[in-house]
Structures are given as structure tokens and as C-alpha cells.
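What follows is a single structure, written as C-alpha cells, with notes after it.
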Amino acid sequence: MWRRSLQLRMVTITLLCSSVLVGGFGYLIAETSTESLLTGAEQDARKQVISGVKIAEQQLSAIPNPESPDTPAQVIRLLSSLTGGQDGVVVTMRFTQVTAASALSSTGSAWPQGLDLRPAISRELESAVIGRERSFQYVSADLGDGTHTYLVWGSNVPTPRWRGGSVELYYLFPVDTEVEVAKDITSTVSFVGVALVLLLGMVTALVTRATVSPVRVAARTAQRLSAGLLDQRMVVNGEDEMALLADAFNQMAANLQRQIVRLEEMSRLQRRFTSDVSHELRTPLTTVRMAADLLYSQREDFDPASARSAELLQAELDRFEELLTDLLEISRFDAGFAMLDSEPTDLVTVVRRVTERLESVADRVGINLELVSPDPPVIAEIDPRRVERILRNLVGNAVDHGEGRPVTVTLGIDPRAIAITVRDHGVGLKPGEEKLVFNRFWRADPSRARQTGGTGLGLSISLEDARLHGGWLEAWGAPGKGAQFRLTLPVRAGGRLTGSPLPLIPAEVAVARQRQGSAEVAA
């Protein structure tokens, strides 16, 4: 789905990018708002603490005897004045080596007296205050009415008259309202961010759908056109860019349809012309053949020049008749009239028959034909006439291009396929020519003298014969290293090939390449 759907990729990428951007901005806004709220509370609290420290310093300095039994009551009154009557605000003092009471506190009107404030004042804050630093921290504590969040400020009160005693003043400001507002802002920003991301995803989906849908329609229409339904067209709606695309696509399809129809008609006429000419030439060829046979049979009674002319006439007529036969076979392939006559056949017998027929031609040029095959019989369902024609063309080409070196025909078989390779050690093929050799009338070297004649259609017909069997005909070659052709056919008629029993590249060449690659890696 990810590779096939452009719409899915666009929506996913938009959601990811927008989530990162909106999440980043939302986090920044929430943090800024929370920091602004808490900073305001901290500044207000700090002002009140500074003012309270000054008042406490003045009031404590006015107490003549800190160890007097009336001192706690005076301190309680002092703390009550420091709260300023604010609801929820708690003020406490801690004394060391001064009074009998180590800590006294006073609260706003909503708080009861005698609170245990130890959960709200941490050791870190006490250490900072004892070290004569003014410090604060946020604490969540339960002071008797549930857990709340407090901003706890602590400061040391200078008391030089109290003989070295330490006085610590702590303010507890409830900040539940600020925290709740900050949470509400965060929730609102999160909700808006999620809604914005989903909205962007929906908009992207709608936009990409409006863009991709015509492209999908064009792709489906193109697939139908490629399947042969040449009358398929796209629906043109409006006058926008997509409408222009659909109109251009329809014009292209109409032009292609006209061209294909014209080419099909020309191809049909060409095939008919080739077939008709081939058939029409049969009658005069038969007459000329009869006259040439008569002259050839009596050539011993002629003078040397006439006898040689009769021999040349006989040879050219043989080639001409072979060309007509190949043209008729090609026309049957082009017209789709070629039929396969499969029957169980021993491949070893077929290969031996071909090599025996071409052995005299190979001996004339000093080439030794070698046959490598498993123990007979090797049975497969093939058309023996067509397979024999394929092998005759392959072995004949190997003899023509073998440069006097041995030609090896190898037969291999496995449970699903049979393979026959024809290997020569001649001039070989240049890069890219392994595909061109199967083109009609193509020759690697037109100036070379051929030993077996030829019309330039042999390998083309062989390729069509292999395809008719549902098989493969492949070529390999390298300059100076010869060439190898491989024919692979299914063992049973109508079977499907998944591999070949024999390699296309000769074993000695593959080993040499492997050694060369290993040497390059080592270097």
C-alpha cells in the first residue's frame, strides 16, 4: 500500500510533518503560558516575602526579651499580620536557641490553627534558608484538606539582638489556580493541535484524491489500451488542467489506434504478399527445377564450362528452394497458423541424426563434432521435425564460425526440462550481438564464406520453433572465445520452464571470470 498509493504517502507525510510542527508550537505555547503564570505568582510572592521579612525584623527587634513567656503570643500576632488576611496563605517561623516553641505558624482565615507544615518544607529549602539565602520551591502536600500545590518561599530574618539565634520565615502560597489554568491551556492547545492535524490530513486527503483520481483513471484506461481495447477513452469534465490531461490522453489514444490499425493492415498485407509470392514462385520453380535436374544429370556430356554452369545452377536452385521454404514458414508464424505436432521422442536419436548429416561438411573444413549426452533414451514430448531443424541451424552455424576448432553438442535433462547446447570456439560474438543473431537476415560478418549455405532466416525460425514449444533459445559469445547457443524445452508438452539443466555460459569461461574477480579483489 505504501509503494502503490500516492495518496496514502502524501497524507501520512502531511500528518507527520504537521504533527511535529503543531506539537512543537503547542509545546512552546503551553510552556510559555505556564511559565508566565508561575513567574507572575513568584514575583508577587517574592515582593510579599521581602515585605514580610522587613516587618518581621522590625517586630522581632522590638521584643525586649526573646525568652519571655509572652514571646510566642507576640510572634503569633506578628504572623497573623504577615498573612494580610489572604485565604489559603500560610506563614510560619522557626526559632533556634531562642524560645521554648521551635516553630510557630499563622494562617489565613480559611485555615485552622496548629497545622503540621513539615510535609510542605523540604530539607533542601531549610538548608538554603539556614545558609541565609532567600529561596523557593513548588511542593505538593496534604495539610489536612487534600493534596494541593504550594509555592513555598523561605527567608532568613536578621535578628542581631537575639544572641546568635536563627529565625526562619516561610510563606506557603497556594497556586492551584495557576496550575489548573496552565493545565487548561495545555489541554486546549493539545485539543486544537490534534484537531488542526486531523483537519490538515483531511484537506490533504481531499486534495490528493482530486489530483490522484484522474491519474488512476488514466492508468486504468492505459492498461485497457495495452490489453488491446483501443476504443477506451477518458471522461473529460470541465476545462482545468485535469481536463486538458484527459483530452490530450484521448487524442493520443485515438492517434495510437489509427496508427496501430494502419500498421496491422500493412502487416497483414505484407504477410499475404509474402505468402502469395512464395506460393506463386512454386510453379515456375518446379519447372526450372525439372530442367535443371535434366541438365545436371547430363553434365558429363557437356564441355567443362557448361558442366560447371549446370552445377552452379543446381546449387543456386537448392538455395532458392530453401529460401522459399523458410519464407513460407515465416509467413505461417506471422499469420499465427504454425501448429505443434508433439510426440514422445528420444532426443539422443535426434541429435545424433543431425550431427551425422553435418559430419561430412564439418570434415571438409577440419572440424570435429563431439556429442556429450546422458545414457539413452532421453524422452520428451516435442515436435521432432522442428527440434531437428533448430539443431541443424545451430550446428550449421557453429561449423561455419568454428575456425576449424571442435564443436561440442551437449544434452542435459532434469525432471522438468531438457537442454541442448552447441559450443564452438571460433570468432565469438561481440557484446550485444547475442540478441541480434535471432533477427531476420542479420549476419555477424557478411563477408565470411559459409559452408552450409543459409538464407539469414534460420535462427529466426529456430527461435519461433522454440517459442512454439514453450521453450527458450539463448545465445552467449565473447570475441576470441567462441559462442554457445542453448535450447531449453519442457519435458512435457505445455509445461512451464523455471530453469535449464545446462548453463548458458560455458563452465571454463565462468571459472576464468571467477578467478579474475578473486584476483582483482585480492589486489
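The values are calculated or read from the model by the stated rules, or taken from the named source; none is laboratory data. Note that the coordinates shown come from a computational prediction; the quantities given were computed from them, not determined experimentally. Positions of Cβ are generated from backbone atoms using ideal geometry, with glycine treated the same way; all protein chains shown enter the neighbour counts. All accessible areas refer to the heavy atoms of the entire protein, side chains included, with ligands and DNA or RNA removed. Shrake-Rupley method; radii C 1.70, N 1.55, O 1.52, S 1.80 Å.
A dipole drawn for the chain from +1 and -1 charges on Cβ atoms has a positive end, and of A30, T147, N397 the residue lying farthest that way is A30. Coupling constants for segment 378-383 follow from the phi torsions by the Karplus curve (6.51 cos²θ - 1.76 cosθ + 1.60, θ = phi - 60°), and in residue order they are 10, 9, 8, 8, 9, 9 Hz; glycine and proline get x. Computed packing ranks the peptides 48-60, 243-255, 384-396, 464-476 as 384-396, 464-476, 48-60, 243-255, most packed first, by mean other Cβ atoms within 10 Å. Positive end of the dipole of segment 295-446 (Cβ unit charges, origin at the Cα centre): among V351, T421, P384, the Cα lying farthest that way belongs to T421. Working from Cα positions, state the angle (0 to 90°, nearest 10) between the long axis of helix 384-400 and the longest principal axis of the chain. Between the helix axis and the principal axis of the chain, the angle is about 90 degrees.
Set the Förster radius R0 to 30 Å, insert the Cβ-Cβ distance between R123 and L28 as r into 1/(1 + (r/R0)^6), and round the FRET efficiency to 0.05. Write down the numbers at each step before the final one.
Working: r = 34 Å, r/R0 = 1.15.
Plugging the Cβ-Cβ distance into 1/(1 + (r/R0)^6) gives 0.30.
What percent does the relative contact order of the chain come to when contacts are Cα pairs within less than 8 Å and at least six residues apart? Write out the running numbers ahead of the final one.
Numbers: 719 pairs, mean separation 47.9, N = 523.
Relative contact order for the chain comes out at 9 percent.
Quick check for you: which residues of segment 21-40 have the amide N under 14 Å from the point 7 Å beyond the Cα of T177 toward its beta carbon? Inside the label zone: 37-38, 40.
Please report the net charge: other residues with Cβ closer than 12 Å to the Cβ of I382, K and R +1, D and E -1.
Working: positive: R385, R386, R389, R492; negative: D341, E343, D346, E381, D383, E388, D465.
Spelling it out: positives minus negatives among the neighbours equals -3.
Annotation: per residue accessible area for the chain equals 58 Å², rounded to a whole number [probe 1.4 Å, protein chains only].
Can you compute the FRET efficiency between Q514 and R319 using 1/(1 + (r/R0)^6), with r the Cβ-Cβ distance and R0 = 45 Å? Round to the nearest 0.05. Spell out each step's value before the answer.
Numbers: r = 44 Å, r/R0 = 0.98.
E(calc), rounded to 0.05, equals 0.50.
Calculated mean residue ellipticity at 222 nm for the chain: -19000 deg cm²/dmol, from DSSP H runs with n ≥ 4 weighted as -39500 (n - 2.57), summed, divided by the residue count and rounded to 500.
Using the Karplus relation 6.51 cos²θ - 1.76 cosθ + 1.60 with θ = phi - 60°, the per-residue 3J(HN,Hα) values for segment 187-199 come to 5, 5, 4, 5, 4, 5, x, 4, 4, 5, 5, 5, 5 Hz, with x marking Gly and Pro. Beta-bridge orientation, the chain: approximately 95 percent antiparallel, per DSSP, counting only bridges with both partners inside. What accessible surface, in Å², does a 1.4 Å probe find on Y171, ignoring ligands, DNA and RNA and rounding to the nearest 10? Here the residue's solvent-accessible area equals roughly 0 Å².
Based on the Cβ-Cβ distance from L15 to R272, what FRET efficiency comes out when R0 is 56 Å, to the nearest 0.05?
Numbers: r = 62 Å, r/R0 = 1.11.
In this case the efficiency is close to 0.35.
Remark on G426: its backbone amide H falls under 5 Å from those of G482, A483, a criterion applied only to residues 5 or more positions apart or on other chains, H modelled at 1.01 Å from N.
Helix 347-364 and the longest principal axis of the Cα set of the chain meet at an angle near 60°. Distance between the 7 Å Cα→Cβ label points at L199 and E433: 7.1 nm. With charges set only on the Cβ (+1 for Lys and Arg, -1 for Asp and Glu), what does the dipole of segment 351-447 come to about its Cα centre, in debye to the nearest 20? With only Lys, Arg, Asp and Glu charged at Cβ, the dipole is about 340 debye. Charge dipole (Cα centre; +1 on Lys/Arg Cβ, -1 on Asp/Glu Cβ; no other charges) of the chain amounts to roughly 280 debye. Note on exposure: R364, R353 ranked by accessible area (1.4 Å probe, complete protein assembly) read R364, R353, with the most exposed listed first.
Taking a point 7 Å out from the Cα of E133 in the direction of its Cβ, the residues of segment 40-62 whose backbone N falls within less than 18 Å of it are 46, 50.
Can you compute the charge dipole magnitude of segment 250-369 about its Cα centre, using +1 on each Lys and Arg Cβ and -1 on each Asp and Glu Cβ, nothing else charged? Give it in debye, rounded to the nearest 20. The partial results should precede the final answer.
Working: 15 positive and 22 negative charges, 125 e Å.
The dipole magnitude comes to about 600 debye.
Distant-in-sequence amide contacts of L371, defined by a placed amide H-H separation under 5 Å and a gap of 5 or more residues or a different chain, comprise V409. Taken one residue at a time, the phi angles of segment 366-371 give Karplus couplings (6.51, -1.76, 1.60, θ = phi - 60°) of x, 10, 9, 8, 10, 10 Hz. Gly and Pro are set to x. Proximity of backbone amide H atoms, modeled 1.01 Å from N, is registered between S135 and G154 at under 5 Å, excluding neighbours fewer than 5 places apart on the same chain. Let me make sure I get this right: for segment 285-418, a, b and c are the square roots of the gyration tensor eigenvalues over alpha carbons, sorted descending. Under 1.5 in a/c it's rounded, otherwise prolate if a/b > b/c, else oblate. Which is it? Oblate is the answer for segment 285-418, as a/c is 1.5 or above yet b/c matches or exceeds a/b. Relative to the longest principal axis of the C-alpha atoms of the chain, give the angle of the C-alpha long axis of helix 6-61, reported between 0 and 90° and rounded to the nearest 10°. In the chain, helix 6-61 runs at an angle near 10 degrees to the longest axis.
Think of the chain as having a plus end and a minus end, set by charges on the Cβ of Lys, Arg, Asp and Glu; of V261, A512, L463, A512 sits farthest toward the positive end of this dipole. Over the chain, with every protein chain in place, what whole percent of the accessible area is carbon and sulfur at 1.4 Å, could you tell me? Heavy-atom surface of the chain belonging to carbon and sulfur, 1.4 Å probe: 56 percent.
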